[in-house]
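J.: The following block contains the structure, expressed as structure tokens.
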Amino acid sequence: MNARTEPGKDIYRKATADDVRHIVGDVEDVTLAAILSYAPNLRDLSDAAIWVRGDGDLIAREHRELGANALAIAELLSRVEEEEESQQQD
């Protein structure tokens, strides 16, 4: 997962499918659609990717909390990862 947005981008711009793939990584179409259903902005995507990666302290250092959209996306991505791991073990 790449949790960084390009310098100079408006972090509050509504994210596109290309943004999701760039920031979160390659996801299945169903997951992509679920993420986009939250109408996230670039910051939401970046924060969710950071959180799922286990680097939530980076957000805390900025004295911020994970926003509702970012939290929902992080939970979705975590569920997807758990399901993939479970399928690999079977």
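J.: Want the number for Glu85 to Leu36: 0.36 nm per residue separation, take away the alpha-carbon distance, what's left?
T.: Numbers: separation 49, 0.36 × 49 = 17.64 nm, distance 2.35 nm.
Separation in residues times 0.36 nm, less the Cα-Cα distance, equals 15.3 nm.
J.: Report the residues of the range 53-90 in range of a label on Lys9: point 7 Å along Cα→C-beta, backbone N strictly under 16 Å from it.
T.: 70
J.: What are the extents of the Cα atoms of the chain along their three principal axes, in Å, largest first?
T.: Each principal axis gives a Cα extent; for the chain these are 43, 26, 21 Å.
J.: Which of the trypsin sites (Lys or Arg not before Pro) found in the chain are loop residues per DSSP with 15 or fewer other Cβ atoms within 10 Å of their Cβ?
T.: Arg4, Lys9, Arg13, Arg64
J.: In what order do Ile73, Ile23, Ile11, Ile59 fall by count of nearby beta-carbon atoms within 10 Å, going from fewest to most?
T.: Fewest-to-most ranking of Ile73, Ile23, Ile11, Ile59: Ile11, Ile59, Ile23, Ile73.
Coordinate-derived values only; no laboratory data. On a predicted model such as this, the values are computed, not experimentally measured, just so you know. Cβ atoms come from the backbone with ideal geometry, glycine included; neighbour counts cover every protein chain shown.
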